[in-house]
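Structure first, then comments.
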């Protein structure tokens, strides 16, 4: 099996106090972590790529732990999450799909009680490509106040033979959410949806 070769790690944190409305008593916090790794399948077609998902599991757990630590370390404070992948030009979209299980399950394991599916996106792009990573509530995907996206990218990645793997977490609803729908306080927690 290929080994995971990390070239660089990028971590960013946002604190949002307001978006033109009243200043929040507690700022909304959003964070993203991206690891730029060598794509072991770049430049060639390989039929059986699934074993690399197992190799990515420790990286996923490490990234989720670092992301949680950046947001204070308390899993109870994390209310939103998402994942994504940018595949360099010598790769293919399917290589990004290898991140679905290790990226999602790692966050759910680190957070402990998260029930909702982790939303995801991926694309093939050149150096400097940015990705809007979707965010939903960790326990109920229909909580509209937590629908969001975090733009993630790096000026020198991914190179053609690389992939950039991304995890994101947030500490709450959008700072001025008022679009209605299911409220976080009303989650039933039965199915990861409501």
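The values are calculated or read from the model by the stated rules, or taken from the named source; none is laboratory data. Computed from a prediction, not measured in an experiment: that's the story for all the values here. Cβ atoms come from the backbone with ideal geometry, glycine included; neighbour counts cover every protein chain shown.
Brief remarks follow.
- Scanning the stretch 93-104 for residues that are out of contact with any strand residue (DSSP E or B) (no Cβ under 7 Å at 6 or more places or on another chain) and either buried (at least 17 other Cβ atoms within 10 Å of the Cβ) or in a loop (DSSP other than H, G, I, E, B) (or both) yields 98, 102.
- Against the test of being at pLDDT 95 or above, in a loop (DSSP other than H, G, I, E, B) and buried (at least 17 other Cβ atoms within 10 Å of the Cβ), the options 114, 85, 140, 90 yield a single qualifying residue, 90.
- Qualifying residue in the stretch 69-76 (condition: within 16 Å of the chain's Cα centre (by Cα) and either within 18 Å of residue 157 (Cα to Cα) or modelled with pLDDT under 95 (or both)): no
- Residue 148 vs. criteria closer than 21 Å to residue 6 by Cα, modelled with pLDDT of 95 or more and either out of contact with any helix residue (DSSP H, G or I) (no Cβ under 8 Å at 6 or more places or on another chain) or surrounded by fewer than 18 Cβ atoms within 10 Å (Cβ to Cβ) (or both): no
- Residues in the stretch 13-54 that are touching a helix residue (DSSP H, G or I) at 6+ places or on another chain (Cβ under 9 Å), buried (at least 16 other Cβ atoms within 10 Å of the Cβ) and not in a loop (DSSP other than H, G, I, E, B): 9 in all.
- Residue in the stretch 170-193 that is touching a strand residue (DSSP E or B) at 6+ places or on another chain (Cβ under 6 Å), within 28 Å of residue 15 (Cβ to Cβ) and not in a loop (DSSP other than H, G, I, E, B) present: yes
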